[in-house]
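Written below as structure tokens is the structure these notes are about.
The values are calculated or read from the model by the stated rules, or taken from the named source; none is laboratory data. A quick note: this is a predicted structure, and the numbers were derived from the prediction, not measured. Ideal geometry is used to build each Cβ from the backbone, glycine not excepted, and the neighbour counts take in all protein chains shown.
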Amino acid sequence: MTDCLGDGEGAKTPMELYEELTAQGDQVRALKTAKAEKTEIEAAVQLLIKLKVDYKQVAGQDYKAGCPPSENSVAPDNGPAASGGDDEDTVDPWNVSTTNAKGVDYDKLIVRFGSSKIDKELVDRIEKVAGQRPHHFLRRGIFFSHRDMHQVLDAYEKQKSFYLYTGRGPSSESMHVGHLIPFIFTKWLQDVFDIPLVIQLTDDEKYLWKDLTLEDCHHFAVENAKDIIACGFDVNKTFIFSDLDYMGASPEFYRNVVKIQKHVTFNQVKGIFGFTDSDCIGKISFPAIQAAPSFSNSFPQIFGSRKDIQCLIPCAIDQDPYFRMTRDVAPRIGYPKPALLHSTFFPALQGAQTKMSASDANSSIFLTDTPKQIKNKINKHAFSGGKDTVEEHRQDGGNPDVDVSFMYLTFFLEDDEQLEKIRQDYASGALLTGELKKILIETLQPMIAQHQERRKQVTDETVKQFMTPRRLNFHF
Ligand code: TRP
């Protein structure tokens, strides 16, 4: 089901889907009336939900029994919508929330988005092809979903290279630890595969969405670039760009933006992103700008005129709507579809119902926080899965699945055995909440101090080097 919609090939029309949905609705009712087995009914309901999501994506409107799709429905695009369905989790580029203390149900998200799970087989294969132990983000399911990663590896094994693309929306001067996740992982990928990387700073996006001036957004882009560079990227292999600068400087980039704009309708972006008639036209056309770096000829200084170099995008799953759209237009404008690796969200201190937010100082640990601030924030705000009293905790144990300190350790504590021991000790009651928090504090304090040290070394001249369009150390 997912596959037939997945990439727009052999995709169904709104009317075909409407008819399938109606038939599936009848089927569910029939099963319920016949008191069929619970598992059978559940499977039928799941399919129904999935069809509804697919329908909304393709038709640009919710399914209503008895109301066939209207004439102006859009051509099929790429996979189910980011939100919708009978699901309580909200995941789109602007909102992430769930009522579940353990966080978003990522398996359900894979079904809804029509992506694939990063299973053990894929992790093993990455290990084999890269010749290195997989990063703990892969081993622990922090990067949990993908599109076309096997294809990327097939090609790489045949000496066909690829490049990496990731990005950041610079909405303030300071970044928080959650923002580092895609960059830490991208750096690992760049090191093991030895490939070019482009990093888009969408200062234009933040200007369009927030109450900020163009100057502010551009300034944030440059400041954020320093934090990104401090992750250790190689200047000979990495190009970082601000949209406000690069869009005007690169005819090739802008040509791709326009090509994409021509092949996506307003109806489609409404369906994918939920834009309304009162959104400014800048927002409506912005997705084309986030899509353009997925195509290698947007960067002639790096790839010459080659338009066939495969792109791999590591990103948090909330960015997927942009790339579903990108994958849908790619074949229609003669380019390969970008592959993707999706990460889970970095939870807010208050709990995994939402992600860390740069606009709420108490929900986040910033890269500028002092050791004391880190300690206080964790002790005061990190949601605990522990019991109310020490006696109860010793007796019944805590719940690491909802404990934010434990979750943060899964991101930042590299030693698998140590992490597993902490989990067991916490669950058994041997380890108290205060002790768990102390381990986290002692993990984060040096990590952030080292980041601050590296960031200090990043001069304006270094930033300029990274952000100058130029040839990298690769020959295409
Ligand atoms: N829209 C993203 C944000 O707000 C920034 C971004 C642009 C991005 N291109 C990307 C993120 C590619 C991941 C991959 O943060």
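Candidates in the stretch 43-96 are the residues that are under 17 Å from Arg324 (Cβ atoms), among the small types (Gly, Ala, Ser) and not in a helix (DSSP H, G or I); of these, the one that is modelled with the highest pLDDT is Gly60.
Using the structure shown, decide if Pro336 is touching a Leu at 6+ places or on another chain (Cβ under 6 Å), outside any helix (DSSP H, G or I) and either at pLDDT 95 or above or near the ligand (Cβ under 10 Å from one of its atoms) (or both). Judged against the criteria, Pro336 is not a match. Restricting Tyr165, Tyr156 to residues that are among the hydroxyl-bearing types (Ser, Thr, Tyr) and within 14 Å of the ligand (Cβ to nearest atom) narrows the list to Tyr165. In the set (1) touching a helix residue (DSSP H, G or I) at 6+ places or on another chain (Cβ under 7 Å); (2) surrounded by fewer than 19 Cβ atoms within 10 Å (Cβ to Cβ); (3) more than 29 Å from Pro336 (Cβ to Cβ), Ser174 fails one condition alone, (1). Within the stretch 305-328, is there a residue that is touching a residue at least 24 places away in the same chain (Cβ under 8 Å), in a helix (DSSP H, G or I), more than 12 Å from the chain's Cα centre (by Cα) and away from the ligand (no atom under 16 Å from the Cβ)? Taking every residue of the stretch 305-328 in turn, at least one turns out to be touching a residue at least 24 places away in the same chain (Cβ under 8 Å), in a helix (DSSP H, G or I), more than 12 Å from the chain's Cα centre (by Cα) and away from the ligand (no atom under 16 Å from the Cβ). For Lys210, indicate whether it is more than 10 Å from the ligand (Cβ to nearest atom), crowded, with 19+ Cβ neighbours inside 10 Å and not polar (S, T, N, Q). For Lys210, the condition - more than 10 Å from the ligand (Cβ to nearest atom), crowded, with 19+ Cβ neighbours inside 10 Å and not polar (S, T, N, Q) - is not met.
One line per residue, one yes/no per condition, for (1) within 23 Å of Phe143 (Cα to Cα); (2) touching a Phe, Trp or Tyr at 6+ places or on another chain (Cβ under 7 Å); (3) surrounded by fewer than 22 Cβ atoms within 10 Å (Cβ to Cβ):
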residue	(1), (2), (3)
Tyr335	no, yes, no
Leu340	yes, yes, no
Ala352	yes, no, no
Ser357	yes, no, yes
Ala361	no, no, yes
Ile365	yes, no, no
Pro371	no, no, yes
Asn376	no, no, yes
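Checked against (1) within 29 Å of Asp211 (Cβ to Cβ); (2) free of Cβ contacts under 8 Å to residues at least 60 places away in the same chain, Ser343 passes all but condition (2).
Taking the condition modelled with pLDDT under 95, buried (at least 20 other Cβ atoms within 10 Å of the Cβ) and β-branched (Val, Ile, Thr), does Val152 pass? No. Within the stretch 160-185, residues that are free of Cβ contacts under 8 Å to residues at least 12 places away in the same chain and of a type in the set (D, E, K, R) reach no partner that is assigned to a strand (DSSP E or B) and within 11 Å of the ligand (Cβ to nearest atom) with beta carbons closer than 6 Å at six or more positions or on different chains. Of the listed requirements (1) closer than 28 Å to Thr462 by Cβ; (2) within 15 Å of the ligand (Cβ to nearest atom); (3) within 24 Å of the chain's Cα centre (by Cα), Asp245 misses just one: (3).
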